[in-house]
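Shown next, in structure tokens, is the structure this report addresses.
The values are calculated or read from the model by the stated rules, or taken from the named source; none is laboratory data. Values in this document were obtained by computation on a predicted structure and should not be read as measured data. All Cβ positions, glycine included, derive from the backbone under ideal geometry; neighbour counts span all protein chains shown. Note: areas computed on protein heavy atoms with side chains; ligands, DNA, RNA excluded. Shrake-Rupley method; radii C 1.70, N 1.55, O 1.52, S 1.80 Å.
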Amino acid sequence: MLSIEGLKVEFGVKPLFQDVSFVVNDRDRIALVGKNGAGKSTMLKILCGLQNPTAGVVAIPNDTTIGYLPQVMKLSDDTTVKEETRKAFADATKMKEKLERMQQEMAERTDYESESYTALVDKFTQEHERYMMLGGENYEAEIERTLVGLGFERNDFDRPTREFSGGWRMRIELAKILLRRPDVLLLDEPTNHLDIESIQWLEQFLSQSAKAVVLVSHDRAFINNVTNRTLEITCGRVEDYKVKYDEYLVLRKERREQQLRAYENQQKEIADIKAFIERFRYQATKAVQVQQRVKQLEKIVPIEVDEVDNSAMRLKFPPCLRSGDYPVICDDVRKEYPARLVFDKVEMTIKRGEKVAFVGKNGEGKSTLVKCIMGEIPFDGNLKIGHNIQIGYFAQNQAQLLDEEITIFDTIDQVAKGDMRLKINDLLGAFMFGGETSEKKVKVLSGGERSRLAMIKLLLEPVNLLILDEPTNHLDITSKEVLKEAIKAFDGTAIIVSHDREFLDGLVSKVYEFGGGKVREHLGGIYDYLRAHNADTIQESLSKASTNSVSSANDGQSTIKKEEIDEPSTGALSYAERKEQQKKVRKAQKAVEESEKKIAKMEERKAELDELLMKTENASNMELITEYTNLQKTLDEENERWMLLSEELETLQID
């Protein structure tokens with residue numbers, strides 16, 4: 001479908017990659033991997049024709065169509081969801097006009113036996129089949145099916161796209177691409193703004209329905225579930241592995257070990273040759289041998305060892321001024337658009353030094369409340385920002401707001417003040433932008449590099465309230481860990497909007513759950529929150545929470561958590577007492593669960609013993625009879641213990 005031959009790309013003295021050749025075949029599911037800045041996004045842009053290589057050829061057959069989902073999107077805000085999605089059928093409209101012209105020509109011509117007329121009929125048949133594959137006259141129904149499949153409600157179709165968060169706008173673009181049914185899909189970080197439900201939907205679509213796929217992603221599970229081939233950009237080359245990502249990691253490790261052994265042997269050989277040359281350089285009797293060694297040395301082609309990115313982003317937030325005791329207090333906060341209620345009756349108190357998480361499905365109001373806190377949009381109710389608060393804000397689209405026409409150094413130089421202007425190079429070096437790299441223009445940076453650059457801008461002024469909206473998008477695993485440690489060490493208060501439970505684990509002490517127009521507070525870390533919902537993932541807990549909120553709404557109940565429904569009793573408790581109460585509840589729940597597991601295991605063994613004792617040969621087996629008697633006694637005791645634990649748990653939950 002696509003043939004790449006002798007590709008070379010240069011942005012400076014050293015080529016990004018060169019002499020690259022590979023073929024994308026039908027049903028290929030290719031993961032394009034490499035360290036940040038290796039050229040993954042550049043490769044996708046070249047494949048779809050948005051960027052020209054320095055040298056080489058990308059051969060695309062005339063009848064092959066390409067769909068490209070970029071890492072950074074620029075969407076128009078003057079259309080509705082359905083109008084924007086309908087743009088996917090612009091090609092179908094043109095094709096329909098072309099078919100009508102061909103049909104008119106066939107009606108007017110009379111040379112039915114000629115070769116040209118037969119060719120015209122064949123061409124019309126092919127184009128008509130393609131037109132029908134694109135949806136034909138039924139594209140409106142196809143649009144609705146696709147949007148619903150991607151999670152949109154029917155009452156969303158006529159809403160302006162500007163009302164949607166980044167994740168939902170990404171889905172609109174994705175819907176447009178999928179509706180075009182391209183022969184080759186090029187996807188650059190498609191999971192960055194998607195929740196788990198849409199990621200799973202996309203995995204299924206790519207695995208079953210797509211023709212050929214080339215994708216870039218830091219989501220290891222997503223890559224493993226979708227791809228069957230891995231292309232690695234390393235040392236300015238592309239290495240082709242005909243295996244899934246996990247298998248590629250094993251093969252790459254073996255390959256690098258072989259390269260290292262070969263490199264060490266070559267270095268030893270070079271050292272021996274040089275030692276011989278130096279030893280006998282001035283001895284006339286050895287002149288011939290010395291010249292032979294010199295020629296031998298010149299012919300040696302140095303063995304390159306694949307790059308391993310061991311660099312890490314060293315991140316430290318500057319010391320901050322002490323803020324008031326309560327940086328953010330929300331009292332009966334409400335935000336409503338003309339066609340939709342985002343949230344209502346939000347009660348929230350964030351204490352100084354707390355690290356809290358905002359979780360919820362895309363479009364449920366996380367970023368909207370952040371904008372309310374920032375004062376960027378109007379709202380109803382009372383929202384108080386504490387005394388002496390200085391806010392540092394990292395938005396989902398922060399990397400998109402950078403000026404693409406200036407260099408990395410100039411980007412920071414424009415915002416640096418005082419003594420910090422003397423430390424710009426040190427700061428850039430800490431973020432892996434040292435040396436000549438700082439002179440690159442922003443427009444040539446990858447998504448991950450842009451996110452790091454935007455993070456540097458955030459570091460230049462001391463803040464005591466840090467608001468990070470999906471900060472891990474475009475960051476690799478190593479950078480995520482470094483950022484996490486920096487936030488943990490941060491002296492001030494932090495609000496983190498994220499779907500990444502591994503990133504939030506051990507980082508936050510309180511979780512605010514957004515869904516169904518409500519915001520619910522959960523004390524404890526992210527795994528405490530998940531255990532309270534009996535869920536393994538944030539997305540699973542949100543699905544259960546949305547179901548529960550619907551039930552609560554139908555019953556006319558409050559949206560406050562179960563343990564907080566009894567206003568007279570819980571209302572009198574302090575923050576510390578409520579936290580201690582929840583610890584007791586979690587401890588009791590754990591004891592009940594452990595008891596249930598013991599009972600299940602003993603009942604399973606009892607059933608086995610029943611079967612054994614029913615056999616004639618075991619009727620008088622005293623060992624089995626003794627085990628059965630002791631087991632029954634222990635089981636009775638454990639059942640009694642379970643009843644006591646359950647009563648204790650029930651009492652704690654009522655309190």
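Of the conditions (1) over 19 Å from the mean Cα position of the chain (by Cα); (2) open to solvent by 10 Å² or more (accessible area, probe 1.4 Å), Arg501 clears all except one; give me its number. Just one mismatch for Arg501, condition (1). Among all residues of segment 231-248, there is at least one that is of a type in the set (Lys, Arg), in contact with a strand residue (DSSP E or B) (Cβ under 6 Å, 6 or more places away or on another chain) and closer than 24 Å to Ile303 by Cα. Restricted to segment 8-39, and to residues there that are at pLDDT 85 or above and of a type in the set (Lys, Arg), the residue that is least open to solvent (accessible area, probe 1.4 Å) is Arg29. Residues in segment 344-367 that are hydroxyl-bearing (Ser, Thr, Tyr) and under 19 Å from the mean Cα position of the chain (by Cα): 1 in all.
Would you please list the contacts, defined by Cβ atoms under 7 Å and residues six or more apart or on different chains, that run from a residue in segment 235-257 that is part of a helix (DSSP H, G or I) to a residue that is basic (Lys, Arg)? Correct list of pairs: Tyr245/Arg220.
One residue stands out in segment 278-324 among those that are modelled with pLDDT under 70, open to solvent by 40 Å² or more (accessible area, probe 1.4 Å) and closer than 30 Å to Glu354 by Cβ: the one that is nearest to the chain's Cα centre (by Cα), namely Arg314. Summed over segment 371-393, residues that are open to solvent by less than 40 Å² (accessible area, probe 1.4 Å) and either at pLDDT 90 or above or in contact with a Gly (Cβ under 8 Å, 6 or more places away or on another chain) (or both) total 5.
Looking across segment 212-234, just one residue is basic (Lys, Arg) and either more than 19 Å from Leu194 (Cβ to Cβ) or part of a strand (DSSP E or B) (or both), and that is Arg229. Only residues that are open to solvent by less than 60 Å² (accessible area, probe 1.4 Å), within 17 Å of Ala38 (Cβ to Cβ) and at pLDDT 75 or above were counted across segment 409-452, and they come to 8. Please indicate, with yes or no, whether at least one residue in segment 331-341 is under 19 Å from Ile495 (Cβ atoms), touching a strand residue (DSSP E or B) at 6+ places or on another chain (Cβ under 9 Å), open to solvent by less than 60 Å² (accessible area, probe 1.4 Å) and at pLDDT 85 or above. Within segment 331-341, one or more residues are under 19 Å from Ile495 (Cβ atoms), touching a strand residue (DSSP E or B) at 6+ places or on another chain (Cβ under 9 Å), open to solvent by less than 60 Å² (accessible area, probe 1.4 Å) and at pLDDT 85 or above. Here is the figure for segment 224-269: residues that are touching a Phe, Trp or Tyr at 6+ places or on another chain (Cβ under 8 Å) and farther than 20 Å from Leu186 by Cβ total 5.
Hey, any hits in segment 334-346 for a residue that's of a type in the set (A, V, I, L, M) and part of a loop (DSSP other than H, G, I, E, B)? There is at least one residue in segment 334-346 that is of a type in the set (A, V, I, L, M) and part of a loop (DSSP other than H, G, I, E, B).
In this structure, Ile270 does satisfy being surrounded by 13 or more Cβ atoms within 10 Å (Cβ to Cβ) and modelled with pLDDT of 85 or more. Figure legend. Inter-residue proximity from segment 516-541: first residues among the hydrophobic types (A, V, I, L, M, F, W, C), second residues surrounded by 22 or more Cβ atoms within 10 Å (Cβ to Cβ) and modelled with pLDDT under 85, beta-carbon distance below 6 Å, spacing 6+ or different chains. Indicated pairs: Leu530/Ser541; Ala535/Ser541; Ile538/His499. As a summary of the residue check, Ala59 satisfies the conditions (1) of a type in the set (Gly, Ala, Ser); (2) under 30 Å from Arg237 (Cβ atoms); (3) open to solvent by 70 Å² or more (accessible area, probe 1.4 Å) except for the one numbered (3). (1) open to solvent by 70 Å² or more (accessible area, probe 1.4 Å); (2) modelled with pLDDT under 85; (3) of a type in the set (D, E, K, R): which one isn't true of Lys361, the others all being true? Going through the list (1) open to solvent by 70 Å² or more (accessible area, probe 1.4 Å); (2) modelled with pLDDT under 85; (3) of a type in the set (D, E, K, R), Lys361 breaks only (1).
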